[in-house]
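Asks: One structure coming up, written as C-alpha cells, with questions to follow.
Each reported figure results from applying straightforward, stated rules to the coordinates on display, with no laboratory input. As the structure is a computational prediction, the values presented were derived from the model and not from experiment. Note that we place each Cβ from the backbone using ideal geometry, even for glycine, and neighbour counts take in every protein chain shown.
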Amino acid sequence: MMKIPNRPDAVDRKSRASINLNVQNMIGVFGRKGSGKSYLTEATATIFYQQGNYTLLDLYASDNWENAFWCIPKLEEHEIDGFIKNPNKYNKRTRFPITILCSDALRYDQSKLDRFNDKLFTEEEFYEYYKGQQKYYNCVYPQEKPKSLQGKEWIKFVSLPNPTAKFDSEINVNIAKIIENTILDCRANDRILVFNQRAFPSEVNMFRTLEIIFRNLGNIAMKNFRRLSPEDVDVSTRKEMTKKQKAHDKMVFCIREFAEICPNRLKADASGESVRVKKSLLSLIRRIRHYSISGICDWQEFNSAETSIRNQFDIFLLKKWTSRLGGEHFAFAFNKINYLRDAIFEKQKNRRVARHIADNVYPQIELLGNRYMYFVKQDDNLKLMQVPEMKTRHKEPYDSFEKLTQIEFWFDKSYQVSTGSVDSSSSSRTDEKALYNAIFAMRNPLKGKKYQWKEVVEKLVIMQENNEVHYAKPFKTMKDDTLKKWFGRVAKRYDEDESKSK
C-alpha cells in the first residue's frame, strides 16, 4: 500500500475564506442595471471600514451625491420627514461622518450645514438650556450651541483650488498636499472621504482633481500608512494593540461605475480629460499591491473596463447578471451553475422537488434575488452568500441629498474655468493672451489714466465675473504683487517669442 505523505500546507485553505481583511484585496462587483451593485459595493466597504478599521475613500459615483449618503441613517419611509426637520434626533442610529472634497467654486448655506451638524439650537433645546433666563430664540438665525453641547460634524467640506493641466504645477502640488492632510484627518477621526462630480463646476476641474488623487495615493500610502509595531504604541504584543492601531496602514477606496473612468474604449467626454484619469488609475493599479491599498469597484459589462486594469482584480461578487455582460471571462460561472443544477435534476429524476432544491442551492445568476450574490475567487469556485446589510441609508432613485440634508449647492461663476482650457498651462494660450493684453492696456494707456496694480486687480475681478477674461484662479483672492509677477513672466515670454519670429 502506497504511503500517503502528510502535507497539511499543500492547499492554501486561507484563500477559501470570503474576504481576508488582513491582506490587500481588489474586489469587482458585477450585475445588471438595477440589480443592487452599488448597494453591495457600499455594504462591502462598510465591512472594511467598521470591522477592519480601514481608512475609507469613496472616490467616484453618480453626480447626484450618491456616495455622500454615509452620513444619513437607515430610515423608514414614515421617518424621512422627521429626519428632515431634526436630523440630530437620529444620532443614535448608525451614521458615519464624511469629508467632501470640493472645488473652491462650490457654495452652500453655512447655517444649514451647521444645523445638520448639530451646531445650532432647536427652539426646544434653546429654552431648555436657558430656562428661567430672559432670552429669546431666533427662528431665522438660530443661536449656536456652546462647544460642549455641539454634536458630531457629520459633513465637512475641504475646498481645493482649480487644478492645472500641468501635473507638477505649484497649484497641483498644493492640491496634493491638501488631499494628503485630508486623508490623514479622516484616518485620525474615523471619517469617510467623499469625492463626487457634483462638487465641481466642470468635468475638466473634476477629472484633473481625480487624476491628482490617483497619482498621489501611492506616495501618500508609502509615506504615512506604515504598519505599526507593538513598540510604536507602547505595548508588548500585537494582541494588545487596538483594532484601530492594527489598521493604521490600511486604506480602501471604492468606485461605482468603474468602467466610466477606465473604459476599454475611448470615452466620449466633451473635454477629453478623462484620459488623464484612466492613465493615472492604470499607474496606480499596477503598483497597488506594493502600497497595500485595497479597492472595491462595480460595473456592468466586464469587458467594458480597460483590460490591464480589470485583470488586477482577485475577488468577484456577482449579483443578478447575464452571460452577455460577463463575456468569455465569466462563461465558466454560468456553465458551472447550469451543470450543478442539471446534476440535481438528474439525481431527483426531474421531480418537482428538484427545482426547489436547485433554486435554493444553486440559483441561476440571471435570476438571482437582490439579497444574494455569488462569491468568486481566483480559484473559480463559486459560493452563494447573502448580501451584507447596510447600516446607513443607501441612496434610492427618488432620494435627494439636498432635500434630506436641507443644504442647497451652487457655484460661484467667477471661480469657474472654461471647459475649453485643456492645454498644458493653467489657462489656454488664447485666454492668456487676452488677459495679458487687457492688463497691458490698463498699465500702458495711449490716453487717460494709468491703473495701479491694485486697481488692475479690482478691474479684473469685474471682468472675470462678466466672463470677459478667463483665468484658472479667482482675481478676488489674488494679491497685487502676485499679478505683477505673473504679468512680468508672461511679458518676458511674449518678448522672446516675438524676437524669435523676427
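Asks: Once R0 is set to 25 Å, what does the formula 1/(1 + (r/R0)^6) return for the Cβ-Cβ distance between Lys89 and Tyr398, expressed as a FRET efficiency to the nearest 0.05?
Replies: Working from the Cβ atoms, E equals 0.65.
Asks: Another one. Over all distinct Cα pairs, what is the inverse of the mean 1/r for the range 108-242, reported as the Kirkwood hydrodynamic radius in Å?
Replies: When all Cα pairs of the range 108-242 are included, the Kirkwood radius is 18.8 Å.
Asks: Would you please name the chymotrypsin sites (Phe, Trp or Tyr not before Pro) within the range 45-122 that are DSSP coil residues with at most 16 other C-beta atoms within 10 Å of their C-beta?
Replies: Answer by residue number: there is no such site.
Asks: Rounded to two decimal places and with Rh computed the Kirkwood way over Cα pairs, what is Rg over Rh for the range 215-312?
Replies: A ratio of 1.12.
Asks: Once you place label points 7 Å from the Cα toward the Cβ at Gln348 and Lys166, how far apart are they in nm?
Replies: 7.0 nm
Asks: Where the Cα atoms of the range 229-285 are projected onto their three principal axes, how long is each span, largest first, in whole Å?
Replies: Principal extents (Cα only, largest first): 56, 18, 17 Å.
Asks: Let me know the Rg and Dmax you get for the range 251-402 when you use only its Cα atoms, in Å.
Replies: For the range 251-402, the Cα-based Rg and Dmax read 18.7, 61 Å.
Asks: Here's another thing I want to ask about it. In Å, what Kirkwood hydrodynamic radius results for the range 328-367 from the alpha-carbon pair distances?
Replies: Kirkwood radius, the range 328-367: 10.3 Å.
Asks: Oh, and also: From the P(r) of the chain, could you give the percentage of C-alpha pairs in the tail past 36 Å?
Replies: Result: 45 percent of Cα pairs exceed 36 Å.
Asks: Could I have the simple spin-label model distance between Asp480 and Arg287, label points 7 Å from Cα toward Cβ, reported in nm to one decimal?
Replies: Roughly 4.5 nm, to one decimal.
Asks: Note down the relative contact order for the chain as a percent, whole number, built from C-alpha pairs under 8 angstrom at least six residues apart.
Replies: 23 percent
Asks: Still on this model: Given points 7 Å out from each Cα along the Cα-Cβ axis, report the Gln110 to Val490 separation in nanometres with one decimal.
Replies: 3.1 nm
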